[in-house]
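See below for the structure under consideration.
Coordinate-derived values only; no laboratory data. Remember, it's a predicted structure, so these values are computed and weren't measured experimentally. Because the Cβ atoms are built from the backbone with ideal geometry, glycine has one as well, and the counts that use them run over all protein chains shown.
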Amino acid sequence: MKYFAIIVAGGSGTRMNAALPKQFLPLNGRPILMHTIAAFQRCTLRPEIILVLNIDQHRYWEALCKEHGFDIPHQLVSGGQERFHSVSNGLKAIKGEGIVAVHDAVRPLISPELIRKCFEAAAEKGNAVVGVQPTDSIRRIDANGRSEAINRNMVALIQTPQVFDSKMLRKAYQQPFRNDFTDDASVVEHMGTSIHLIAGERSNIKITFAEDLEIAKYYLTKKASE
């Protein structure tokens, strides 16, 4: 069985109020993106890594790799207009069939163990998407602004990686783009395929706001001391 990881790095850093796109922001001495790629490289299944990055950022990334001595093998692919198109470009770079993980570049705390579990679950079930149960109360808001309580045990907060049999994922990405395609699971589900959820990790945060970077630093420091 062959394994592949498409790491999607299209963030602009707008919500971080940062000059750099957030995937390039430093986290404990090196860019966030390098931590993310390293997690997949440490997975025992050794997936082939495809990095999808805006074409205008390729030279900058290559300079960062040289500066930090970052030599983990990966294939660099140009991103598209939307995340949907970026993942599609990443899929086109994969030769042959296997199991494909799609992961946000700004989730650097993903554990190699969870990556392995996702690959193995997808190999058995056809797909595997990670999620965690919310700890806060949940309310649904309608078009008129009215809200009603929802049982939080009936919902999940979805993370990445989202992992699929390559044939399934390729077929899904032949569909025309829709605005409600918010992640890979929604693309696959739209063609009538059921999504298999597995337990994620609360530390697998998506770095979106400035405070998320501080939380990530805490988790990395904690892991280093264990």
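Details
- Computed as a quarter of the hull surface, the mean projected area of the alpha carbon convex hull for the stretch 36-125 stands at 6.3 nm².
- Between K2 and E214, the C-beta separation translates, for a Förster distance of 30 Å, into a calculated FRET efficiency of about 0.20.
- The trypsin sites (Lys or Arg not before Pro) found in the stretch 61-124 that occupy coil by DSSP, while having at most 14 further C-beta atoms within 10 Å, are K95.
- Amide proton proximity set for I49, modelled H, under 5 Å, gap of 5+: A5, Q75
- Of the peptides 19-26, 72-79, the order by per-residue mean of other Cβ atoms within 10 Å, starting with the highest, comes out as 19-26, 72-79.
- Between Q41 and A149, residue separation times 0.36 nm minus the direct Cα-Cα distance comes to 34.7 nm.
- Kirkwood-type radius of the stretch 97-226, with distances r between different C-alpha atoms, in Å: 16.4 Å
- Whole-Hz couplings from phi, Karplus 6.51/-1.76/1.60, listed for the stretch 189-205; x for Gly and Pro: 5, 5, 8, x, 8, 6, 9, 9, 8, 10, 5, x, 10, 5, 6, 7, 7
- This structure gives mean projected area of the Cα convex hull in nm², computed directly, and of (1) 12.5; (2) 22.6; (3) 13.7 that value is listed as (3).
- C-alpha center-to-center spacing [the stretch 132-197, the stretch 32-101] in angstrom: 24 Å
- DSSP-loop GluC sites (Glu not before Pro) across the stretch 50-99, with at most 16 other Cβ within 10 angstrom: E82, E97
- Karplus-derived 3J(HN,Hα), 6.51/-1.76/1.60, for each residue of the stretch 63-79, Hz, glycine and proline x: 5, 5, 4, 5, 4, 9, x, 8, 10, 5, x, 7, 9, 9, 10, 6, x
- Total lysine pairs in the chain at Cα distances under 20 Å, for residues eight or more apart or on different chains: 22.
- Length-normalised contact order of the stretch 132-181 in % [C-alpha pairs under 8 Å, at least 6 apart]: 31 percent
- In this structure the amide hydrogen of I198, modeled in the peptide plane, comes within under 5 Å of the amide hydrogens of V129, V130, G131, none closer than 5 places in sequence on its chain.
- Structure remark: mean-square fluctuation, Gaussian network model of the chain, C-alpha springs under 10 Å; the largest value among N54, N153, N204 belongs to N153.
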